[in-house]
Amino acid sequence: MRANRKLWAATTVCLAVFAGVTGCGGKGADKPVDKGAGKPAEKAADPFEGLTADAIAKKAVETTKTATSVHMKGKGKEDGKDMTLDFSVDDKGTCEGSVSPGGGKAEIKRTGGFTYMKGDDAFWKATGGEEGSSAEESGALATLLKGRWMKLPAEDADANDLGEFCDLKVIFADMDKETKTTGLTREADADVDGSPVAVVKGKADAKGQVVTLYVAKDSAKPYILRSVTAGGEDPGEVTLSDFDKPLNVTAPPAGEVMDMEALMKAGAGS
């Protein structure tokens, strides 16, 4: 259930193939042609001029941590299994998105003090197995929740690590902890989904992993727009967007919700 941490630490990303990312800054990228004048247009000012790669990375991390909301989309590996994340979260504990942590897929929402999760059969069976449940117990859970949202009070979700998905402070704390900001070099500039970025690349660690950050060339808000981890056991990537965009998450229809707290109380009283 630690997909946020895994995706940031082991990937931290670009949803294009690696070759596509590094190829963004190919020939001609720095000198767009002004067809009207018949000569190259002036190159845009570099907001990071005079800064080292380390300074750019530190500035990017500090700026990204100030965001009030963010959308994350990534893919990577956890213990050799493919995993994906497509998620929006804000600093008020609201979130919405989906995750595939090594088996099946689950949708997650948090709003109004409650966390809701709806997984497919493969997700519930895989999750139950990880928690030590038998195949029969996992199968029963999958049947009980088939097509339904599991509802938990936010504090219960937090106690089971599910709350990490919806806690922007935890996500950014992981980012701050896992993102190296020393020993980097600046590579050729590129772009992420049409936005120009400065590319700073770290050195390979003991496991052979190399992290590359793509930082928005914005003097006011140099957010990390993408982070890619190549090599090692857990390669991956994550793209960040929709910074500071308000989230409007609605609870699932009551008829599609299984209130686990009420169900457990009912079971205890029977």
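The values are calculated or read from the model by the stated rules, or taken from the named source; none is laboratory data. In this text the structure is predicted, and so the values were computed from the model without any measurement. Backbone-built Cβ (ideal geometry, glycine too); neighbour counts: all protein chains shown. Accessible surface is based on the protein model in full, side chains and every heavy atom, while ligands, DNA and RNA are left aside. Shrake-Rupley method; radii C 1.70, N 1.55, O 1.52, S 1.80 Å.
Label positions at Ala204 and Asp46, each projected 7 Å from the Cα along the C-beta direction, are separated by 2.7 nm. So the label point goes 7 Å from the Cα of Ser219 along Cα→C-beta, right? Which residues of region 182-196 then have their backbone N under 17 Å from it? Within reach of a label on Ser219: 196. Bridgeable aspartates and glutamates around Lys151 (alpha carbons under 18 Å apart, same-chain partners fewer than 8 residues away excluded): Glu96, Glu107, Asp120, Asp121, Asp161, Glu164, Asp167, Glu256, Asp259, Glu261.
How large, in percent, is the carbon and sulfur part of the accessible surface of region 45-127 at a probe radius of 1.4 Å? Show your work: numbers first, answer last.
Working: 1680 of 3510 Å².
Looking at region 45-127 in its full context, I get 48 percent from C and S.
Beyond 28 Å in Cα-Cα separation lie the following of the pairs Lys92/Lys203; Lys73/Lys177; Lys125/Lys201: Lys92/Lys203; Lys125/Lys201.
Among the listed pairs Lys81/Lys146; Lys109/Lys207; Lys75/Lys207; Lys65/Lys207, those whose Cα-Cα separation exceeds 31 Å are Lys109/Lys207. Counting only heavy atoms of the protein chains and using a 1.4 Å probe, Glu187 has close to 80 Å² of accessible surface. Using 0.36 nm per residue and subtracting the Cα-Cα separation, the extra length available between Ser195 and Glu136 on full extension is 16.3 nm. The residues neighbouring Pro246, those whose beta-carbon lies less than 14 Å from its own, together hold a net charge of -3 under the Lys/Arg +1, Asp/Glu -1 convention. In nanometres, what is the gap between the two model label sites at Lys169 and Glu261, each 7 Å from Cα along Cα-to-Cβ? The modelled label-to-label distance comes out at 2.0 nm.
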